[in-house]
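Data block below; observations after.
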Amino acid sequence: MMEPSSKTFNARILTQINEVKEAEWDAHLPEGSHPFVSWRFLHALEESGCAAEETGWSPRHIWLEDEHGKSLGAAPLYAKLHSQGEYVFDHGWADALARAGGHYYPKLQCSVPFTPAGGPRLLAKSAAHKQALVTAMVSACQQWEMSGIHLTFLQENDRKILNDMGFSTREDRQFHFINRDYKDFDDFLASLTSRKRKNIRKERKAAQDGVVIKRLTGDNLKDEHWDVFYQCYLDTGQRKWGRPYLNREFFARMQETMRDDICLVMAWMDGDPVAAALNFIGSDALYGRNWGALIDKPFLHFELCYYQAIEAGLERGLPRVEAGAQGEHKLSRGYEPVATHSAHYLAHPGLRAAVEDYLVRERQAVEHEIEILGEHTPFKKKES
């Protein structure tokens, strides 16, 4: 495989993340805890077979070095044969290129597989090294004759660098709980209108009726908890989406290597486990990821995924809770609309021009939607 390089830096392509050591990779992460781009998380995806050539996620991570072989940065990168598990939808772009006689796949995807959570993507300390990572991606894309590069769920500093380097930027929206220095859940409730406050209390009372709920992390997490969670995850995932992306071995590796970064919310009725919600703990957010239930109980989903996550985030003093993709129903439960960002390089000039034109209109529509949704949050209106 040809390896891209820039004038100043050398870039290696890692087809397995274990080609470098955990400490070497993680040394390039920003300060704080970023669980999804950690070596442990990405390694678990690969070793479990979830992110592999067989699933259409072939690792092609960029590893940046200077002329003496000293590592300067990294980026999680995958060659993709489809657009599944990304949560930034480009099927229309693929169809347009196919109608024009081109091939959209394979493409390059700089992201965390199956994880619609914001975080660092260009893992380097300096802007120059981040730019070199991007240059290496473009070089690889051209040498391998791929249709483009897609970097998703970006932080602002990475988005700005990509925008300055000519990438097309895209916006979407999610719903996040913002911690405005609330002392506890009741303090959060006090910021809501009376009607919304009463509705949430009513939902929580109904969800908790006859139910025991625990939040488990670290050594309190046991293999039997993961067995139950996986059963719930499979049952709900198969009913809603078909075949779930993650397998039992992946969660076994989470127990082995990342249980201190996890908050698993579990519910029991009459001594039997009935539902579970998986969260990851970062230094600036609690990330809600997967959920499942073996019973249909009103409001249990809201309790485990939203209200328990808020409580867990407040207990840890985290600035926000990210509750994953989609879900306007989160709005009335204290989760506010926020913009998410991605950046795209498309090799085909005609497709690039058409997408650029489309993205201008899409950004305007997303920003307008966020503005409208922001007027319907459950919070008390500030007096002018």
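Coordinate-derived values only; no laboratory data. All figures in this text were calculated on a predicted structure; none of them were measured in a lab. Every residue, glycine among them, receives a Cβ derived from its backbone with ideal geometry; neighbour counts consider all protein chains shown.
Just a few scattered comments:
- Cα-centre dipole for the chain with unit charges at Cβ (Lys and Arg positive, Asp and Glu negative), debye to 20: 1020 debye
- Modelled FRET efficiency - R0 41 Å, Arg195 with Ala252, Cβ distances, 0.05 increments: 0.35
- DSSP bridge pairs, region 255-381: antiparallel proportion in percent, nearest 5: 90 percent
- Contact order, relative form, for region 180-318: 29 percent (alpha carbon pairs under 8 Å, 6 or more residues apart, mean separation divided by residue count).
- Between Thr340 and Asp172, Arg173, Gln174, the built amide H atoms are under 5 Å apart, and every one of these is 5 or more places off in sequence or on another chain.
- Residue (of Leu318, Thr15, Met258) at the positive-pole extreme of the chain, dipole from beta-carbon charges: Leu318
- Summing charges over all other residues whose Cβ lies under 12 Å from the Cβ of Leu278, with Lys and Arg as +1 and Asp and Glu as -1, gives +2.
- Mean Cα-pair separation over length for region 9-126, i.e. relative contact order, pairs under 8 Å, 6 or more apart, %: 29 percent
- Subtracting the Cα-Cα distance of Glu356 and Asp95 from their residue separation scaled by 0.36 nm leaves 92.3 nm.
- Cut-off 15 Å between beta-carbons: net charge of the residues surrounding Ala44, Lys and Arg +1, Asp and Glu -1: -3
- Each label point was placed 7 Å from the Cα along the Cα-to-Cβ direction; for Lys70 and Glu156 their separation is 3.1 nm.
- With the highest mean first, a sort of the peptides 180-188, 27-35 on other beta-carbon atoms found within 10 angstrom per residue produces 27-35, 180-188.
- Against the chain, whose longest principal axis is taken from its Cα atoms, helix 248-257 shows a tilt of about 90°.
- Length added when fully stretched, Phe379-Gln231, from 0.36 nm per residue minus Cα-Cα: 49.6 nm
- The smallest convex shape that holds all Cα atoms of the chain, its convex hull, gives 148 Å³ per residue.
- Structure-based [θ]222 nm, the chain - -39500 (n - 2.57) summed over DSSP H runs of at least 4, per residue, nearest 500: -10500 deg cm²/dmol
- Lys, Arg +1 and Asp, Glu -1 on Cβ, resulting dipole of region 180-318 about Cα centre, debye, nearest 20: 740 debye
- Straight-line cross-link reach from Lys222 at under 26 Å between alpha-carbon atoms covers these lysines, not counting any fewer than eight positions away in the same chain: Lys214, Lys297.
- Residues of type lysines that Lys381 reaches as a straight line, Cα spacing below 30 Å, ignoring anything fewer than 8 places off in the same chain: Lys183, Lys196, Lys198, Lys202, Lys205, Lys330
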